[in-house]
Amino acid sequence: MRPEPGTIERWAWDYVTARTLDEKLSPGPRPSAWESTPPSRRPTPGRPDALRPLDKPPKTPRPGALRDPKKRAQLMHTFFHHELQAAELMCWALLAFPETPRAFRRGLMAIADDEIRHMAAYADHLARLGFAVGDFGVRDWFWERVSTVASPVAFVALLGVGFEGANLDHSARFARLFREAGDEVGAALQERVGREEEPHVRFAIQWFERWAGGLEWERWLAHLPAPLTPIVMRGKPIMRDARRRAGMSDAFVEALARYAPP
């Protein structure tokens, strides 16, 4: 059942299920009213026709290949879709976990706003490179995994601490690669996104600590849905300073760096 019109829940529902790029990039003003007793809802994402699904993920271009604008555009397109999924999943969590404090759900909407801004920035840089959203295929990799979580603490453990934490590493790495390829605008964009992801990770850590206790390694592992492991939640190199600024302890970051699957 769709949420009541004129509510934040309906705005979130409409964003997740929207089927046009315009609605994803410019969803319009958000209402201030909340539903009084919302049920848990788990909508599936609408996909604009321009976003063609891929059966297999595209190979990450080798560093030297990024001198080709098309290879850089392919990465920007992937980053665009990552941000789209993140924005949708923040809205999804608001709907899936209505029992959480409003402060948490307001925070989800603030993060969704950031992700939508990042999408627009990636779309702009795609245009600078001579391409557009829809010129490459996409995979709903994050949707396939994050939407399996059963609780809000698992949601922040996986998406916020795990995947957004990894983006602190990835954004720094790709900033360096874009700069080496002579794309200073793309490098600066990656650096800006990385800086703006730090508060997102901090938000997830704060709520994880509130619901599960301190962010200790074994406790965090226990809240990750199987079969996912920290292997997909870190980049090379690990950006220790960025992770510390986001609220991770040295012990936690060291455990992440040392982790090897059993």
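Among residues that are open to solvent by 10 Å² or more (accessible area, probe 1.4 Å), without any contact (Cβ under 8 Å) to a residue 12 or more places away in the chain, charged (D, E, K, R) and in a helix (DSSP H, G or I), Arg72 is not included.
Taking the criterion of being small (Gly, Ala, Ser), touching a Phe, Trp or Tyr at 6+ places or on another chain (Cβ under 7 Å) and more than 26 Å from Phe178 (Cα to Cα), the residues of the range 104-160 that qualify are Gly107, Ser147, Ala157.
Number of residues in the range 108-137 that are over 14 Å from the mean Cα position of the chain (by Cα) and open to solvent by 10 Å² or more (accessible area, probe 1.4 Å) equals 15. Sort out which residues of the range 7-39 are under 19 Å from Ala93 (Cα atoms), more than 20 Å from the chain's Cα centre (by Cα), small (Gly, Ala, Ser) and part of a loop (DSSP other than H, G, I, E, B), and write them in order of number. Result: Ser32, Ser36.
This table checks each residue for (1) out of contact with any strand residue (DSSP E or B) (no Cβ under 7 Å at 6 or more places or on another chain); (2) surrounded by 20 or more Cβ atoms within 10 Å (Cβ to Cβ); (3) within 23 Å of Pro101 (Cβ to Cβ).
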residue: Leu177; (1), (2), (3): yes, yes, no
residue: Gly194; (1), (2), (3): yes, yes, no
residue: Gly213; (1), (2), (3): yes, no, yes
residue: Trp217; (1), (2), (3): yes, no, no
residue: Trp220; (1), (2), (3): yes, yes, yes
residue: Pro227; (1), (2), (3): yes, no, no
residue: Met233; (1), (2), (3): yes, yes, no
residue: Lys236; (1), (2), (3): yes, no, no
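The set of residues in the range 228-259 that are among the basic types (Lys, Arg) and farther than 13 Å from Glu197 by Cβ comprises Arg234, Lys236, Arg240, Arg244, Arg258. Inside the range 78-103, residues that are of a type in the set (Phe, Trp, Tyr), closer than 15 Å to Val153 by Cα and either in contact with a Cys (Cβ under 8 Å, 6 or more places away or on another chain) or in a helix (DSSP H, G or I) (or both) make up a count of 1.
Pull up the range 57-69, narrow it to residues that are part of a loop (DSSP other than H, G, I, E, B) and free of Cβ contacts under 8 Å to residues at least 40 places away in the same chain, then point me to the one that is surrounded by the most Cβ atoms within 10 Å (Cβ to Cβ). Quick ask: steps written out before the conclusion?
In the first step, residues of the range 57-69 are kept if they are part of a loop (DSSP other than H, G, I, E, B); the result is 57-62, 68.
Filter once more, keeping what is free of Cβ contacts under 8 Å to residues at least 40 places away in the same chain: 59-62, 68.
Details: Lys59: 8, Thr60: 13, Pro61: 17, Arg62: 9, Asp68: 13.
Step by step, filter the range 57-69, then rank; the result is Pro61.
Return yes or no: is Gly160 within 20 Å of Leu89 (Cβ to Cβ) and touching a His at 6+ places or on another chain (Cβ under 8 Å)?
Working: within 20 Å of Leu89 (Cβ to Cβ): yes; touching a His at 6+ places or on another chain (Cβ under 8 Å): yes.
Answer is yes for this residue.
Scanning the range 203-213 for residues that are more than 14 Å from the chain's Cα centre (by Cα) and not polar (S, T, N, Q), we see that the one that is nearest to Ser249 (Cα to Cα) is Ile205.
Can you tell me which of Arg2, Arg47, Arg42, Arg106 is under 30 Å from Ala172 (Cα atoms), part of a loop (DSSP other than H, G, I, E, B) and basic (Lys, Arg)? Unique residue meeting the criteria: Arg47.
Which ones in the range 24-40 are in contact with a Gly (Cβ under 8 Å, 6 or more places away or on another chain) and either under 13 Å from Met109 (Cα atoms) or not small (Gly, Ala, Ser) (or both)?
Step one: filter the range 24-40 for residues in contact with a Gly (Cβ under 8 Å, 6 or more places away or on another chain), giving 31, 33.
Pro31 - this is the single residue of the range 24-40 that is in contact with a Gly (Cβ under 8 Å, 6 or more places away or on another chain) and either under 13 Å from Met109 (Cα atoms) or not small (Gly, Ala, Ser) (or both).
For the range 23-48, how many residues meet the condition of being among the acidic types (Asp, Glu) and in contact (Cβ under 8 Å) with a residue 60 or more places away in the chain? Reasoning before the result, please.
Filtering the range 23-48 for residues among the acidic types (Asp, Glu) gives 23, 35.
Still in the list and also in contact (Cβ under 8 Å) with a residue 60 or more places away in the chain: 35.
Number satisfying all stated conditions: 1.
The values are calculated or read from the model by the stated rules, or taken from the named source; none is laboratory data. Note that the coordinates shown come from a computational prediction; the quantities given were computed from them, not determined experimentally. Neighbour counts run over all protein chains shown; Cβ positions are idealised from the backbone, glycine included. Quick note on the areas: whole protein, heavy atoms, side chains included, nothing else; ligands and nucleic acids left out. Shrake-Rupley method; radii C 1.70, N 1.55, O 1.52, S 1.80 Å.
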